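Below is one structure, written out as structure tokens; the observations come after it.
The values are calculated or read from the model by the stated rules, or taken from the named source; none is laboratory data. A quick note: this is a predicted structure, and the numbers were derived from the prediction, not measured. Here the Cβ positions follow ideal geometry from the backbone for every residue, glycine too, while neighbour counts run over all protein chains shown. Ligands, DNA and RNA are excluded from the accessible area calculation, which covers all protein heavy atoms including side chains. Shrake-Rupley method; radii C 1.70, N 1.55, O 1.52, S 1.80 Å.
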Amino acid sequence: MDIEAKILELLASAESVSTLELASSLGVDHQDVVGASKSLEADGYVVSSVTSVSQWKFSAEGLDIRQNGSPEFLLWALLASGSKQQDEVVTALGKEAATVAMSNGMKQKLFKLTKEEGNTILTRDPKVTTLEDSTRRLLDAAAKGGHVDPKDADALKKRKLASFDSVKTFVLVKGPSYAPTRGSKAATDLTREMLADGSWQTNTFKKYNFNATGREPLAGQQHPLLKVRQEFREMFLELGFQEMHTQQWVESSFWNFDTLFVPQKHPARDAQDTFFISKPDQSPTPDADYLKRVKDIHEEGYLCDWSANESARNVLRTHTTAVSSWVLNQLAQSSPLRPDGRRDFRPARYFSIDRVFRNEEMDKTHLCEFHQVEGFVVDRNLSLANMMHLLNQFFRRIGIEQLRFKPAFNPYTEPSMEIFGFHTGLKKWMEVGNSGVFRPEMLKPMGFDEDVTAIAWGLSLERPTMIKYGIKNIHELFGHKVDLRFIKKSKIARY
Ligand code: PHE
């Protein structure tokens, strides 16, 4: 059917046309009428104004009940001639309708169920002598536009038979280029043929619609965490830091704890805080000399036995500081010893941003894994002042200008400081990281000269990302509940 022609024809004599009324009088889908009117409007034949009306919509089941009666009523009618076995009911009504009929009918106390030799028998409740099919009556009233009590409307909706929804409809009036029939459609594109036969000179062309929303580009999008990671990475590189290789998630306790002077009896080593790996449960021991020096410093410092067996246990790394330790040791090993007994040592700056794992209770702000941003600078005679300056430089670049430091404790740093930053958006001080000067007990076994110090800090990548993107629940950012549309729609982060 040519709906466009119909609209133009009606407007020749009528003041206005309602898309909804036209759809029902033509017996076509409302959306098709809307489509036709939009096309006419684009060429100026009509002008539309939008209104919304509430309208009943019936489900297939609702339509069926309106025509044939509700399942419970049909069952009640079926039982007029006496009790029936459940199988007979299923044959008569169909499996689905029989189930609905029995469940609704039992609720309304229309029937009784009895068991006889393994068969279920249905009988009318003698107390119900007459029954009106109220569901059918309601659906009928709704379809005819009669009054339906809000409570009843709710019941219909709940049973998924019908719903009273508001629909957008349009009222159409004549437009500036109205004509009772449509001329040839305006061309959208200049074609080779038009140029060849000269028809381009007389053709009308559709105006460009510069307000149309463009099509969403079908491109991949980086996850917000990865975008922020890239920004952090670039910032580190600008400050002269090198990236550490952190792709190995499983570490031995030796690198994750022992080289960091974390005592073997430290609570963080407990299975409650750390994920231990069972296959394989241990890693080969590293360089025997270094191992011995680590063992000695533990036994000296903590006055208790140190077990190589405990040290070989594999864990999912709990921090990337395990990698910092490995890199520092490499650095010491590759610094040649001079004749004066000191090492020819090169100062260095390293960073990493990668996953770490902790056996934590999960809630809105905690997951069992997160990304740690980690950096360290190693040089001779670095002081706390150097460290505070460096942290100020770093955090200023991520938009946190004011810092406060609070004394803290880490087994591997002394002094240790928690870092608080003032969030100008939220107008409050928030913990943004942890830092410290690596202890001599950590650096000495590696073979560094005594005046070599390393200052280091760590923070999570998730927290600044959540603040940046206004995310309150970490599950929206990371893990299996992440909505892919959120990733597509999220803005490119800028600091
Ligand atoms: N490893 C620390 C943590 O897990 C972060 C840190 C790194 C602290 C370096 C001090 C020095 O929180």
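Using a cutoff of 8 angstrom between alpha carbon atoms and counting only pairs six or more residues apart, the relative contact order for the chain works out to 13 percent. Taking the helices alone, the chain has a mean residue ellipticity at 222 nm of -10500 deg cm²/dmol, built from -39,500 (n - 2.57) per DSSP H run of at least 4 residues and averaged over all its residues. Convex hull volume of the Cα atoms of the range 277-337, normalised per residue: 109 Å³.
Once the convex hull of all Cα atoms in the range 141-222 is built, its volume per residue stands at 303 Å³. Measuring how big the range 24-69 is from its alpha-carbon positions, Rg and Dmax come out at 15.4, 48 Å. Sorted from greatest to least, the principal axis extents spanned by the alpha carbons of the range 335-493 come out as 63, 31, 29 Å. With just the Cα atoms defining each centre, how far is the range 237-257 from the range 394-452? Give it in Å. Between the Cα centres of the range 237-257 and the range 394-452 lies a distance of 17 Å. Can you give the Kirkwood hydrodynamic radius for the range 1-135, in Å, rounded to one decimal and based on Cα pairs? Hydrodynamic radius (Kirkwood, Cα only) of the range 1-135 equals 18.8 Å. A compact globular protein would have a Cα radius of gyration near 2.2 N^0.38 Å; the ratio found for the range 335-418 is 1.44. Entry for the range 277-391 at q = 0.18 Å⁻¹: log10 I(q)/I(0) = -1.26, Debye formula applied to identical alpha-carbon scatterers, no solvent contribution. For the charge dipole of the chain, defined by +1 on Lys and Arg C-beta atoms and -1 on Asp and Glu C-beta atoms about the Cα centroid, which residue among Thr19, Ala60, Phe409 has the Cα displaced farthest towards the positive pole? About the Cα centre, the residue reaching furthest to the positive side is Thr19. Are there any trypsin sites (Lys or Arg not before Pro) in the range 11-66 that are in a DSSP loop and have at most 15 other Cβ atoms within 10 Å? List them by number. Taking the range 11-66 and a limit of 15 other Cβ atoms within 10 Å, no loop trypsin sites (Lys or Arg not before Pro) are found.
With all protein chains kept in place, the per residue accessible area of the chain amounts to 58 square angstrom at a probe of 1.4 angstrom.
Only the Cβ atoms of Lys and Arg (+1) and of Asp and Glu (-1) were treated as charged; on that basis the dipole of the range 149-261 about its Cα centre amounts to roughly 1120 debye.
Element breakdown for the range 375-479 at a 1.4 angstrom probe: carbon and sulfur atoms account for 51% of the accessible area. Dipole size of the range 70-168 about its Cα centre, with +1 on Lys/Arg Cβ and -1 on Asp/Glu Cβ: approximately 300 debye, rounded to the nearest 20. Evaluated with a Cβ-only charge set (Lys, Arg +1; Asp, Glu -1), the chain carries a dipole of roughly 1040 debye about its Cα centre, given to the nearest 20. Rounded to the nearest 10 degrees, the angle from helix 95-107 to the longest Cα principal axis of the chain is 90 degrees. Convex hull of alpha carbon positions in the range 73-179: directionally averaged projected area 11.1 nm². Equivalent ellipsoid of the range 187-275: semi-axes from √(5λ) of the C-alpha gyration tensor, largest first, are 66, 16, 12 Å.
Candidates Tyr290, Gln242, Pro280 compared by Cα position along the dipole of the range 238-299: farthest toward the positive end lies Pro280, with charges placed on Cβ.
Label-to-label distance for Asp451 and Ala385 is 1.7 nm, based on points extended 7 Å past Cα in the beta-carbon direction. Across the accessible surface of the range 102-230, with the other protein chains kept in place and a 1.4 Å probe, carbon and sulfur atoms take up 53 percent.
If you wrap the Cα atoms of the range 30-107 in a convex hull and average its projected area over all directions, you get 7.9 nm². When every Cα-Cα distance of the range 1-57 is counted in 5 angstrom steps from zero, the calculated P(r) takes the values 4, 18, 33, 27, 13, 4, 1 percent. Modelled spin labels at Met362 and Asp281, positioned 7 Å past Cα toward Cβ, are 2.7 nm from each other. If you wrap the tightest convex hull around every Cα atom of the chain and split its volume per residue, you get 335 Å³. When the charge dipole of the chain is built from unit charges on Cβ atoms (+1 for Lys and Arg, -1 for Asp and Glu) and taken about the Cα centre, the candidate among Pro445, Ser177, Gly433 whose Cα reaches farthest toward its positive end is Ser177.
With all projection directions averaged, the alpha carbon convex hull of the range 126-284 covers 32.5 nm². Taking every alpha-carbon pair in the range 250-311 and binning the separations at 5 Å intervals from zero gives 4, 18, 31, 26, 15, 6, 1 percent.
Loop-located GluC sites (Glu not before Pro) in the range 1-92 (DSSP state not H, G, I, E or B) with no more than 12 neighbouring Cβ atoms inside 10 Å: Glu15.
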